Amino acid sequence: MMWNIGVIAINTFRENLRDKILYNLLFFALALISASLLLAHMTFVEQHRIITDMGLAAINAIGVLIGIFVGIGLVSREIERRTIYTIMARPLKRWEFILGKYAGLALTLSINILIMLVVYLATLVVSGATLYLSLFQAVGLIFVEVLLVTAIAMFFSTFTSSTLSAIMTIGCYVIGHLTSDLRGVAVKTQNEAVKGLMNALYYLCPNLDLLNIKGQAASGVGVSISYEMLAAGYGLLYAAALIVGACVIFERRDF
């Protein structure tokens, strides 16, 4: 069991390394982080805050983009190329295939985020900005968010096309950062249909704002260990539930 998952994970990791989109996005992230230095020199107020903010935003944005656009292709690409028939002909369970694909992409994402973090910290050191412990907390929760978004992408890719998977994943990501607003609308509205829709979206979509501490981290304000553990646990459990759901759906698909 673990051997099959490990083999698929390593093969997925190698495929991702050959995928040019990863290098393009990674190059863009590194360029964006470096460009923050230039932007900071063009601004007379809170130069270090701008560098810190832009770096965290770049790591977050690029990690999410990789998670979405590579995650939706891990399963759908195998189906569209019909290589899934060859894979399924081997002594391999379908849920092992899903777990292996997810583990391989998670490994790729961890390495990409680590590289971006190293460049980001080097940028802060060169600019003379302070290295706060809160920055590491923010990046840690960014990684959890990226894993969660990747799980969403893989979940949708098991039963829809690549285009629909991308649309629904991006929709969940946007809604996930607006959950508090949705709750506010549900409380204030008098329309029962709107209230029901807002409540459904509030409870079904992940609350990604729990994982977003970039703003306060850039100011050097961290969160408690208990909050970080709770937020990380929430994100990882949600991702695990989605992957289990993806395994169940993929087991029942006809090929």
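The values are calculated or read from the model by the stated rules, or taken from the named source; none is laboratory data. Please read these numbers as outputs of a predicted model, since none were measured by experiment. Here the Cβ is made from the backbone with ideal geometry for all residues, glycine too, and neighbour counts use every protein chain on show. All accessible areas refer to the heavy atoms of the entire protein, side chains included, with ligands and DNA or RNA removed. Shrake-Rupley method; radii C 1.70, N 1.55, O 1.52, S 1.80 Å.
Here LEU141 does not fit the description of being buried (at least 22 other Cβ atoms within 10 Å of the Cβ) and touching a Phe, Trp or Tyr at 6+ places or on another chain (Cβ under 9 Å).
How many of the residues in the stretch 81-118 are in a helix (DSSP H, G or I), among the β-branched types (Val, Ile, Thr) and modelled with pLDDT under 85? Outline the logic, then answer.
Residues of the stretch 81-118 that are in a helix (DSSP H, G or I), as a first pass: 84-88, 94-118.
Narrowing the set further to residues that are among the β-branched types (Val, Ile, Thr) leaves 84, 86-87, 98, 108, 111, 113, 115, 118.
Narrowing the set further to residues that are modelled with pLDDT under 85 leaves 84, 86-87.
Residues that pass the stated criteria total 3.
Scanning the stretch 108-133 for residues that are crowded, with 19+ Cβ neighbours inside 10 Å and under 15 Å from HIS48 (Cα atoms) yields a total of 4.
Give all pairs with beta carbons closer than 8 Å in which a residue from the stretch 134-162 that is under 14 Å from LEU208 (Cα atoms) meets a residue that is open to solvent by 10 Å² or more (accessible area, probe 1.4 Å) and of a type in the set (Lys, Arg); count only pairs at least 6 apart in sequence or on separate chains. From the stretch 134-162, the pairs are ALA138/LYS214; ILE142/LYS214.
THR160: surrounded by fewer than 17 Cβ atoms within 10 Å (Cβ to Cβ), among the polar types (S, T, N, Q) and either at pLDDT below 90 or touching a Ser or Thr at 6+ places or on another chain (Cβ under 9 Å) (or both), yes or no? For THR160, the condition - surrounded by fewer than 17 Cβ atoms within 10 Å (Cβ to Cβ), among the polar types (S, T, N, Q) and either at pLDDT below 90 or touching a Ser or Thr at 6+ places or on another chain (Cβ under 9 Å) (or both) - is met. In the set (1) modelled with pLDDT under 85; (2) out of contact with any Lys or Arg (no Cβ under 6 Å at 6 or more places or on another chain); (3) more than 30 Å from GLY73 (Cα to Cα), the condition left unmet by TYR203 is number (3). Pairing residues of the stretch 210-227 that are more than 19 Å from ILE51 (Cβ to Cβ) and open to solvent by 70 Å² or more (accessible area, probe 1.4 Å) with residues that are modelled with pLDDT under 90 and among the hydrophobic types (A, V, I, L, M, F, W, C), at Cβ distances under 6 Å and at least 6 apart in sequence or on separate chains, gives no pairs at all.
Within the stretch 13-43, restricting attention to residues that are β-branched (Val, Ile, Thr) and at pLDDT below 65, which residue is surrounded by the most Cβ atoms within 10 Å (Cβ to Cβ)? The extreme case among them is ILE21.
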